[in-house]
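Only one structure is covered here, and it is reproduced in the block below.
Every number in this text was worked out from the coordinates using simple rules, so none of it is lab data. This is a predicted model, so every value here is computed, not measured. Cβ placement follows ideal geometry from the backbone for every residue including glycine, while neighbour counts extend to all protein chains displayed.
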Amino acid sequence: MNRIGKEFIKGLWAELPPFRVLLGLCPTLAVTSTAENGLGMGMAVLFVLTMSNLIISSLRKIIPAKVRIACFIVIAASLVVAVELLMQAYTYPLYQQLGIFVPLIVVNCLILGRAEAFASKNGVLPSIADALGMGLGFMLSLTFLGAVREILGSGTVFGHAVMWDSFEPMAFMVKAPGAFVGLGMILAGMNAFNRYRSRKKGETEPVAQNSTCASCGACNSCGGK
């Protein structure tokens, strides 16, 4: 697989933003009470992330290093304003549901993180592939978490009933505690799947790492400390 493909694929599982690298957890937990909200927020982030990576990568050689973060924020803010106006014009009810979390995309750690770690150091095509993969992974993650919470908390998905008539919804799932429960369930499922796949291939089971260890690359030398 060529580099462009690898940069795109990594965001769909290996570096899935909210579940692997733990980026963008604030909107992940706050707006995913329904699948529709998760999809709407994910699409907004996908647009901003892709366009910001494109612009930052194109301008990376002329953006002064000392003010690069400020420049990244200005670019992201301009794109978020465009997203806000589009949502107000065409999807106003969804915009009202998402509320303050739409303008807060400006400081979403996923946007700034990919700008600093990737777009500012790589060419346009790899940066677009990185943004599309990460953004699509983020959108699918929010939609899936929102669907899980909506099904368990309301018995519906995208507003359509999917559970049997005698189903008793767990109302807390569409409230704040349900976000943490849903996130934990998905993380547990992903970890169990990874262990199963590793055992099936005869490989050593992957060791759970926190965000600091994951970026260290020297786990064998630290003695587990």
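Say the dipole of the chain comes from +1 at the beta carbon of Lys and Arg and -1 at that of Asp and Glu; which of 11, 32, 138 then lies farthest toward its positive end? Positive-most Cα among the choices belongs to 11.
Applied to segment 174-190, the Karplus parametrisation 6.51 cos²θ - 1.76 cosθ + 1.60 on θ = phi - 60° returns per-residue 3J(HN,Hα) values of 9, 10, 3, x, x, 5, 5, 5, x, 4, x, 4, 5, 4, 4, x, 5 Hz, with x for Gly and Pro.
How high is the FRET efficiency from residue 175 to residue 85, r the C-beta distance, R0 35 Å, rounded to 0.05? Calculated value: 0.70.
Our helix-only sum for the chain, with -39,500 (n - 2.57) per DSSP H run of n ≥ 4 divided by its residues, gives a mean residue ellipticity at 222 nm of -19500 deg cm²/dmol. Computed from phi, the 3J(HN,Hα) profile of segment 123-138 under the Karplus parametrisation 6.51, -1.76, 1.60 (θ = phi - 60°) reads x, 5, 5, x, 5, 5, 4, 4, 5, 5, x, 5, x, 5, x, 5 Hz, with x in place of Gly and Pro. Taking a ≥ b ≥ c as the square roots of the eigenvalues of the alpha carbon gyration tensor, segment 3-143 is oblate, as a/c is not under 1.5 and a/b does not beat b/c.
For a quick protection proxy, order the peptides 92-98, 138-144 by their average other-Cβ count within 10 Å, most packed first. Mind dumping the intermediate values first?
Values: 92-98: 15.3, 138-144: 22.6.
Listed from highest to lowest mean packing, they are 138-144, 92-98.
About its Cα centre, what dipole magnitude does the chain give when the only charges are +1 on Lys and Arg Cβ and -1 on Asp and Glu Cβ, stated in debye to the nearest 20? Mind showing how you got there, number by number?
Values: 18 positive and 11 negative charges, 207 e Å.
Approximately 1000 debye in magnitude.
Taking the alpha-carbon centroid of each part, what is the distance from segment 30-49 to segment 65-140 in angstrom? What the calculation gives is 12 Å, centre to centre.
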